[in-house]
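Scroll down for the structure; my scribbles are underneath it.
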Amino acid sequence: MLSYRHAFHAGNHADLLKHSVVCNILESLCKKEKPFAVFDTHAGAGLYTLDDERALKTGETSKGILCVNNRLSALKTDEIPESLKSYLEITQKYADHNLYPGSPEICRIFMNSDCFHGVCELHNTEIEVLTDNLKNTPLITKNPYSPKSVETKIYHADGLNTACTVLPPAVKRGLVLIDPSYEEKTDYADVLKAVKTIHKKWSAAIIAVWIPLLSHRKSEIDELTDGMIETAKARNQNTEILVTDLCVQKEDAHIERSLEENQGAPRLYGSRMVVINMPWHLDTQSQDNLNFLSGLIDCDCPSFSVKLY
């Protein structure tokens, strides 16, 4: 299935979690002058318009990044966690242009011409939009060593299969971001299989996996999370793995009904990031970030957890 379009969800609570974690990982990679690689398995469109009719239809953007940005105006700079300032500076810069940056755009902001940036997108319409969006120079740069922006290699292909084929890159330091839509039940097992292959071929890579938290997929979510931890620990018991959740509802808030009857709480009660080869301090950064963000987003039951394995 290829029905998923991220424009309905851009800048929602799941993006706040995913992109704040990604920004902190990229900041850690930028601490050394050496180049690094980023491979994004499910790139989407790269950039999203904040008043897109699809975003307005779900209301997720207004409850997520727009709500955060509005409430930031009442806060002092020293009230904002240091670890969150890059992400918020980036999103506010793009919001000034009525845009929200997806992961391909955020990664380009931290990269320079010596880095390798690869992105995959299978959807025929999204790949066209992504290609057009990546022709433009990012609105801001966060790489301290070079003003020259990275050239992105775009793959119109299945992201998991492509990652398993083309990785590792020549550049040995880097990040693999895996965030499919999980439209199919089999996607969970496919992600685990891909992580095992990627980790075996490129054991030094930081592998960051986004997972939607859905009560009717609890067993698949647990199997995927546990399987990734077991895979990484089996290769090196000292591997540090972060598992962090941001929730906007209780797990049992949604009751499965027919589409016509279902007007209750959304299925997606939260989301999770699993990070293998976690950079130093990412756990404390995530704790500070989510403690702050959970108090700003518009939701009924905000909660978060940060666990280190």
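Could you look through the range 255-293, keep only residues that are modelled with pLDDT of 95 or more and part of a loop (DSSP other than H, G, I, E, B), and pick out the one that is surrounded by the fewest Cβ atoms within 10 Å (Cβ to Cβ)?
Trp280
Please go through the range 195-224 and give me each residue that is assigned to a helix (DSSP H, G or I), under 20 Å from Lys172 (Cβ atoms) and open to solvent by less than 60 Å² (accessible area, probe 1.4 Å), ordered by number.
Matches in the range 195-224: Val195, Thr197, Ile198, His199.
So Ser103 fits all but one of (1) open to solvent by 10 Å² or more (accessible area, probe 1.4 Å); (2) modelled with pLDDT of 95 or more; what number is the exception?
(1)
Provide a single number: the residues in the range 61-93 that are charged (D, E, K, R) and not in a helix (DSSP H, G or I).
Residues in the range 61-93 being charged (D, E, K, R) and not in a helix (DSSP H, G or I): 1 in total.
List pairs: first in the range 31-45 and farther than 13 Å from Asp114 by Cα, second small (Gly, Ala, Ser), Cβ under 6 Å, 6+ apart or cross-chain?
Qualifying pairs under 6 Å: Phe39/Gly118; Phe39/Ala163; Asp40/Ser103; Thr41/Gly159; Thr41/Ala163; His42/Gly159; Gly44/Gly102.
Is it the case that Thr137 is of a type in the set (Val, Ile, Thr), at pLDDT 95 or above and open to solvent by 70 Å² or more (accessible area, probe 1.4 Å)?
Spelling it out, it is not the case that Thr137 is of a type in the set (Val, Ile, Thr), at pLDDT 95 or above and open to solvent by 70 Å² or more (accessible area, probe 1.4 Å).
Scan the range 111-131 and give yes if some residue there is open to solvent by 20 Å² or more (accessible area, probe 1.4 Å), at pLDDT 95 or above, closer than 17 Å to Ala205 by Cβ and more than 20 Å from the chain's Cα centre (by Cα), otherwise no.
Scanning the range 111-131, I find no residue that is open to solvent by 20 Å² or more (accessible area, probe 1.4 Å), at pLDDT 95 or above, closer than 17 Å to Ala205 by Cβ and more than 20 Å from the chain's Cα centre (by Cα), so the answer is no.
Of the numbered conditions (1) open to solvent by 40 Å² or more (accessible area, probe 1.4 Å); (2) at negative phi; (3) not aromatic (Phe, Trp, Tyr), Cys299 satisfies every one except a single condition; which is it?
Tallying (1) open to solvent by 40 Å² or more (accessible area, probe 1.4 Å); (2) at negative phi; (3) not aromatic (Phe, Trp, Tyr), Cys299 fails exactly one: (1).
State which residue is surrounded by the fewest Cβ atoms within 10 Å (Cβ to Cβ) when the search covers only the range 27-60 and only residues that are of a type in the set (A, V, I, L, M) and in a loop (DSSP other than H, G, I, E, B).
Leu50
The values are calculated or read from the model by the stated rules, or taken from the named source; none is laboratory data. These figures come from a predicted structure and were not determined experimentally. As a convention, Cβ positions derive from the backbone with ideal geometry for all residues, glycine included, and neighbour counts pool all protein chains shown. SASA here: full protein model, heavy atoms, side chains in, ligands and nucleic acids out. Shrake-Rupley method; radii C 1.70, N 1.55, O 1.52, S 1.80 Å.
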